[in-house]
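Participant: Questions regarding the structure given below will be posed in turn.
The values are calculated or read from the model by the stated rules, or taken from the named source; none is laboratory data. Since the model is a prediction, treat every value here as computed from it, not as a measurement. So basically every Cβ, Gly included, is an ideal-geometry build from the backbone, and we count neighbours across all protein chains shown.
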Amino acid sequence: MERAQVLSVINSDKNSDLAICQIWARELDEGNYWRSVSSLYRIAAAAGQNRERRRTATHPPKATPELLADGPSQVWTWDITALRGPTKGVWIHLYVLIDIYSRYNPSWIVAAHESAELAAEFISEAIERNGIVPHTVHADRGTSMTSGLLSELLTNLGITRSHSRPRVSNDGTVTLLNATNWENVE
C-alpha cells in the first residue's frame with residue numbers, strides 16, 4: 001500500500017520531471033516523510049522508473065548520404081595518396097579516379113607534389129579521355145579536392161561535387177553504391 005502511495009507521489013504532475021532526490025527533499029519540506037532517498041530509488045527501480053525523468057528533446061537519426069549509380073561514368077570518386085619515395089623524406093603522390101559503378105579506373109597519375117592546378121588538370125584530362133562527363137565527383141575534404149580552381153572546373157562542366165562529411169574520421173561516410181543486382185549473389 002505504501003509503495004503505491006510513493007509511486008503516486010513520484011508520478012504526480014508536480015514531480016513528473018524531478019529527480020528522486022529532489023522529490024524526497026520537497027516532500028520533506030512539506031512535512032511528508034515517505035521513506036529514505038535510497039528506498040524511493042528502489043521503489044522507482046522496481047516500477048521501471050529509474051530513468052531520466054526530465055522531458056528531453058529527441059532528434060531523428062541522421063541518415064548517411066548515399067551516391068547511387070545505375071550505369072558507368074555517372075559517379076566517380078577520387079583520392080590523392082602520399083607514397084614513400086626512393087629515399088627517406090621523399091614522397092610521391094598518387095592521384096586515383098574510380099568509377100563506382102564499374103570499378104573502372106578512368107585515370108591515375110603519379111606526381112612529385114600535390115596541388116590544386118594538378119588536380120584540376122587530372123580531372124579535366126580524365127573527362128576528356130573518357131568522353132563522358134560524370135554526373136557527380138566525390139572526394140574527401142583535402143585541400144586540392146576543395147580548391148576553388150577545381151570547384152570552378154566542376155561547376156563549369158555541370159558536375160555535382162560531393163565531399164565526405166566534415167569532422168568524421170572515416171572516409172567511408174558516404175556509402176557509394178552501384179545498382180548491380182545483388183539479390184542472386186550468395
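Participant: Is it fair to say Val6 is in contact with a Lys or Arg (Cβ under 9 Å, 6 or more places away or on another chain), more than 19 Å from Met145 (Cβ to Cβ) and at pLDDT 90 or above?
Facilitator: Considered against the rule, which asks whether it is in contact with a Lys or Arg (Cβ under 9 Å, 6 or more places away or on another chain), more than 19 Å from Met145 (Cβ to Cβ) and at pLDDT 90 or above, Val6 comes out as no.
Participant: Taking the options Ala63, Ala45, name whichever one is farther than 30 Å from Ile123 by Cα and within 36 Å of the chain's Cα centre (by Cα).
Facilitator: Step by step, each of Ala63, Ala45 is checked, and only Ala45 is farther than 30 Å from Ile123 by Cα and within 36 Å of the chain's Cα centre (by Cα).
Participant: Quickly run through the range 67-101 and pick out the residues that are without any contact (Cβ under 8 Å) to a residue 60 or more places away in the chain and in contact with a Pro (Cβ under 9 Å, 6 or more places away or on another chain).
Facilitator: Passing the criteria: Ile92, Leu97, Ile98, Asp99.
Participant: I've got another one for you. Here is a check on your reading of the model: is Lys14 in the same structural domain as Ala116 (by TED's automatic domain parsing) and of a type in the set (Lys, Arg)?
Facilitator: no
Participant: I need a count of the residues in the range 1-21 that are surrounded by 12 or more Cβ atoms within 10 Å (Cβ to Cβ) and of a type in the set (Ser, Thr, Tyr).
Facilitator: Number of matching residues: 1.
Participant: Looking at Arg103 and the list (1) farther than 23 Å from Arg165 by Cα; (2) in the same structural domain as His138 (by TED's automatic domain parsing); (3) charged (D, E, K, R), which single condition is not satisfied?
Facilitator: Only one criterion is unmet by Arg103, namely (1).
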